[in-house]
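Reviewing the structure listed below.
A short reminder: the numbers here are calculations on the coordinates, not readings from a lab. Computed from a prediction, not measured in an experiment: that's the story for all the values here. Virtual Cβ from ideal backbone geometry, glycine too; neighbours counted across all protein chains shown.
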Amino acid sequence: MSEIIFGPLLGLENDQLYSFCVLTRSGSPLQLKIADKLYPAKCLAQTPSGFFWRAEVDIPLTETSQQLSYSWHNDDGPALCTQDTVSSWAFTVPGSSESVNIAYASCNGFHHPRDKDKEKFDYALWHKMHLEQKQQPYHLLIMGGDQIYADELPMSPSAPHLNLWFKSSEKQKRQTFDSPQIHQELEQLFERQYFNTWGQTDIAAMLASIPSIMMWDDHDIIDGWGSYPEQKQQCPVFQAIFHWANIYFRLFQLRGMQEPLLNDKHHASYCILFRRQLIVAMDNRSERQIKRIMNKDHWQLIHNKVDELKPDADNIFLLSAVPVVYPDFERIEKFIGFIPYARQWQDDIRDHWRASGHRKERAQMIRWLLSEPMQSFRQRFILSGDVHVGGFGQLCRNKKQKKAGSPPLNWYQAISSGIVNYPPKSWAWPILRFFMDSGREHKKGQGGWFCRLFRLGNKDKLLRERNYLQLRIQENTSLLSWKTEKGDIKREIKE
């Protein structure tokens, strides 16, 4: 009997194509079984622990939902998951007459091992999702960044060469070459981090039973990736960290995805149509610099793909790991280098779309979002995480454009973070709020815009609780529910 030591990972590739992946200890050929049919699996890679397999199945659309079971087999019989001794799994495919039920989550881990002790139920929200899945199945799980936290790399006792590099001076860091030992340590560390995080009981169950799509953010690489000075970003060891983070991101999070990718070499942005919902996953990390998030060619690829797919889409979901509609940190950005304790936040401040180095690029993006072609979508959403709070906002054309006769065009910013990582502590929150503005922004003139944040229920404009987001998409209405450990906060959108 073949042993499954990691997975299964269930993925969505397009409206009808699903991918199924596992890591086995043995290299014996595997087959996927669904509805008494066998589908061959292809071995995509060999990792330090085993062999990573992928199978694809095209599932035709039916009017009503389908509950499908699947299992893995080799010549010796069914493959068994060593973690929980399970040998079969199930998922739900929505019918053409049903509304789509989507879950969105981000920030799935901790900055430091000691942080795990601060929460009694670290994975309580995954358990809540697991219970909901049994009652009302989700059709898609979108994970919007920080699916793992590689922040533990500098502290790992099993990586002495990497530890030595992290402890060296900035000058020594830039001058140190990446050795074979460092590469070996990095490969083992990234694989282990996925095992440790995604191997949690409720997370593993959800990744095996809800088709997922994912896009990474900095913690999937290392905290603040892309927001450090160029000399540090380009030094050999830092590039080696990115190299192995990218390999395991593409292997485990994208599951070896090829066709939807817009550019396989330089970034991993992609677009997927699912039940007339266009999901645009922007890779905001691969090309990031202090003064650039994505280059012009990258943006043009996204624009072209959206133009190509929009005739077949009712609604659009833009995945931006960092929120587009969010308070500005301009007050603290100017002085953060002079505040000793606050320097640790410098890369986080630089990450934001409204940071000084990214404002021009953000303005260009917003003008694209508010351009005439976007009028063809019935509803428009920006889904974001990163900031360890929940939030709900709006981006629309300014008053001058409305007076000139331009029709209404609204984007709704939904922020959900984090499903595991904790919100800012009660002592730190007033300090952060002091340096933030309200999130209200009015860019005047032709081509300008208006942004604002709404209150969530009777709460503040930003929800300081761990959360994930449920989106129920219907023909003219969408119901958004922020799921917290204390209860649900709902907003309805009608167009």
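Numerical summary
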{"item": "Surrounding net charge for ALA41, when Lys and Arg each add one and Asp and Glu each subtract one, Cβ distance under 14 Å", "result": "+3"}
{"item": "Space enclosed by the convex hull of the alpha-carbon atoms of region 445-487, per residue, Å³", "result": "133"}
{"item": "Rel. contact order, % - alpha carbon contacts under 8 angstrom, at least six apart, region 1-95", "result": "31"}
{"item": "Expected-Rg normalisation [2.2 N^0.38 Å, Cα atoms] applied to region 62-142", "result": "1.45"}
{"item": "Calculated on alpha-carbon atoms, Rg and Dmax of region 198-284 in Å", "result": "14.9, 45"}
{"item": "Beta bridges by DSSP in the chain, antiparallel share as percent, to the nearest 5", "result": "75"}
{"item": "Proxy reagent accessibility, fewest Cβ within 10 Å first, across GLU56, GLU441, GLU3", "result": "GLU3, GLU56, GLU441"}
{"item": "Contact order normalised by residue count of the chain, Cα under 8 Å, 6+ apart, percent", "result": "14"}
{"item": "Vicinal HN-Hα couplings computed from phi for region 431-448 (Karplus, 6.51 cos²θ - 1.76 cosθ + 1.60; Hz; Gly/Pro x)", "result": "5, 4, 5, 5, 8, 7, 8, 7, x, 7, 9, 10, 8, 7, x, 5, x, x"}
{"item": "Amide H within-cut-off set for LEU463, under 5 Å, with H built and near neighbours excluded", "result": "GLY390, GLY391"}
{"item": "Where the Cα pairs of region 120-240 fall when distances are cut into 10 Å bins, in %", "result": "12, 36, 27, 17, 7, 1"}
{"item": "Sorted by Cβ density within 10 Å, fewest first, the residues ASP348, ASP58", "result": "ASP58, ASP348"}
{"item": "Within region 1-95, percent of DSSP bridges classed antiparallel, to nearest 5", "result": "95"}
{"item": "Pairs from LYS42/LYS134; LYS171/LYS296; LYS42/LYS265; LYS37/LYS128; LYS173/LYS425; LYS265/LYS360 whose Cα-Cα separation, in the structure shown, is over 28 Å", "result": "LYS42/LYS134; LYS171/LYS296; LYS37/LYS128; LYS173/LYS425"}
{"item": "Region 1-95 - Rg (one decimal) and Dmax (whole number), Cα, Å", "result": "13.2, 44"}
{"item": "For region 170-177, 3J(HN,Hα) per residue [Karplus equation, 6.51 cos²θ - 1.76 cosθ + 1.60, θ = phi - 60°, Hz, x = Gly/Pro]", "result": "4, 5, 5, 4, 5, 9, 7, 8"}
{"item": "Sum of -39500 (n - 2.57) over DSSP H runs of 4+, divided by residues of the chain (222 nm, nearest 500)", "result": "-7000 deg cm²/dmol"}
{"item": "Cβ-defined net charge surrounding PHE454, 9 Å radius [Lys, Arg +1; Asp, Glu -1]", "result": "+4"}
{"item": "Taking PHE51, PHE434 and counting other C-beta atoms within 10 Å, the order from fewest to most", "result": "PHE434, PHE51"}
{"item": "Alpha-carbon Rg with Dmax, taken over region 241-289, Å", "result": "11.5, 38"}
{"item": "Extension gain (nm, one decimal) between ARG455 and SER65, 0.36 nm per residue minus Cα-Cα", "result": "136.9 nm"}
